[in-house]
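Asks: Sharing a structure with you now.
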Amino acid sequence: MDEMVHVLSHPLLQHKLSILRREDTGVKDFREVVSEIATLMCYEATRDLPTQEVEIQTPVAKAKVKVLAGKKLAIVPVLRAGLGMVDGILTLIPSAKVGHIGLYRDPQTHEPVEYYCKMPDDIEQRDVIILDPMLATGGSASAAIQFMKNYGCKHIKLMNIIAAPEGVERVRKDHPDVEIYLAAIDEKLNDHAYIVPGLGDAGDRIFGTK
Ligand code: PRP
Ligand code: URA
């Protein structure tokens, strides 16, 4: 993989991912761990945020300290499953605005179908992190990124928990400017375009449907 694809190997992240993969993990634990993983991934995905030096007064003396500078952030979950990652990101960046994109995969064609979109007014001025636990064929992620580009967003990152090689390749080809943050790249897609070994249907496991 190239330098635009970050596969995060932190032991805490990998341990939590093993919990998600287990078929006997119930909805409560699944939901909590998705959120915790999003927090850990957020720490890495924001490593390059610019800072600026300002002078403050401590109880003891004046000090030069670093604070965040540059553009403000928006996070954009892809409904439904991306919603499971929102609170974990807001834990670290509580002032981030949240846009929503509704996409589902047509079960026959595996192509993404749009059904909802609502963005903050100033979205084009914000750096964007798109959230979705699963990057399978890459169709949904590629469409979501194109959406944000159509809104005028210039700096877009994609955060997924598990990817298939096919999905990473698709996003790299369609959007070579977008950095991708992942906890794992799995073996392959099966005949139903599910990630193998993966974790099953992320939306169903987060919301307890099926
Ligand atoms: C899942 C997942 C991604 C998409 C990935 O959503 O959360 O959005 O599939 O597949 P792709 O890379 O092949 O496009 P799904 O369509 O199951 O909708 P849901 O989140 O509402 O369950
Ligand atoms: N969407 C999921 O939720 N899981 C997969 O393995 C593929 C697409």
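The values are calculated or read from the model by the stated rules, or taken from the named source; none is laboratory data. All of these numbers come straight from a predicted model, not from anything done at the bench. When we count neighbours, we look across all protein chains shown, and the Cβ atoms used for this are built from the backbone with ideal geometry, even at glycine.
Asks: Say whether the condition of being touching an Asp or Glu at 6+ places or on another chain (Cβ under 6 Å) and small (Gly, Ala, Ser) is met by at least one residue in segment 27-47.
Replies: Yes, there is a match, as at least one residue in segment 27-47 is touching an Asp or Glu at 6+ places or on another chain (Cβ under 6 Å) and small (Gly, Ala, Ser).
Asks: From the residues in segment 97-113 that are within 17 Å of Gly82 (Cβ to Cβ) and away from ligand 1 (no atom under 11 Å from the Cβ), which one is surrounded by the most Cβ atoms within 10 Å (Cβ to Cβ)?
Replies: Ranking the qualifying residues of segment 97-113, first place goes to Gly99.
Asks: Let me ask something else about it. Looking at segment 110-127, I want the residues that are at positive phi and have a partner that is β-branched (Val, Ile, Thr) and surrounded by 16 or more Cβ atoms within 10 Å (Cβ to Cβ) with Cβ atoms under 6 Å, at least 6 apart or on another chain. Which pairs are those?
Replies: Listed pairs, sorted by first residue: His110/Thr137.
Asks: Let me ask something else. Those residues that are within 16 Å of ligand 2 (Cβ to nearest atom) and surrounded by fewer than 23 Cβ atoms within 10 Å (Cβ to Cβ), I need them from segment 140-154; list them, please.
Replies: Within segment 140-154, Ser142, Ala143 qualify.
Asks: Which condition number does Ile180 fail, the rest of (1) touching a strand residue (DSSP E or B) at 6+ places or on another chain (Cβ under 9 Å); (2) surrounded by fewer than 21 Cβ atoms within 10 Å (Cβ to Cβ) being met?
Replies: Condition not satisfied by Ile180: (2).
Asks: I need a count of the residues in segment 1-54 that are in a helix (DSSP H, G or I), among the basic types (Lys, Arg) and over 18 Å from Pro197 (Cβ atoms).
Replies: Final tally of qualifying residues: 2.
Asks: Could I ask something else about it? Does Tyr194 count as more than 14 Å from the chain's Cα centre (by Cα) and either among the hydrophobic types (A, V, I, L, M, F, W, C) or more than 10 Å from ligand 2 (Cβ to nearest atom) (or both)?
Replies: For Tyr194, the condition - more than 14 Å from the chain's Cα centre (by Cα) and either among the hydrophobic types (A, V, I, L, M, F, W, C) or more than 10 Å from ligand 2 (Cβ to nearest atom) (or both) - is not met.
Asks: Follow-up question, since we're still on this one. Would you be able to say whether some residue in segment 55-73 is assigned to a helix (DSSP H, G or I) and in contact with a helix residue (DSSP H, G or I) (Cβ under 9 Å, 6 or more places away or on another chain)?
Replies: no
Asks: Same structure again: Working carefully through the options Ile37, Ile19, find the one that is over 15 Å from Asn160 (Cβ atoms) and at pLDDT 95 or above.
Replies: It is Ile19.
Asks: Hey, Tyr116 hits all of (1) assigned to a strand (DSSP E or B); (2) more than 16 Å from ligand 2 (Cβ to nearest atom); (3) within 24 Å of Met1 (Cβ to Cβ) but one; which does it fall short on?
Replies: Among (1) assigned to a strand (DSSP E or B); (2) more than 16 Å from ligand 2 (Cβ to nearest atom); (3) within 24 Å of Met1 (Cβ to Cβ), the lone unmet condition for Tyr116 is (3).
Asks: Test Lys188 against the stated conditions and say whether it is within 13 Å of ligand 2 (Cβ to nearest atom), modelled with pLDDT under 95, surrounded by fewer than 16 Cβ atoms within 10 Å (Cβ to Cβ) and not β-branched (Val, Ile, Thr).
Replies: Judged against the criteria, Lys188 is not a match.
Asks: So which of Ala183, Ala143, Ala193 ends up being closer than 26 Å to Asp48 by Cβ and within 10 Å of ligand 1 (Cβ to nearest atom)?
Replies: Ala143
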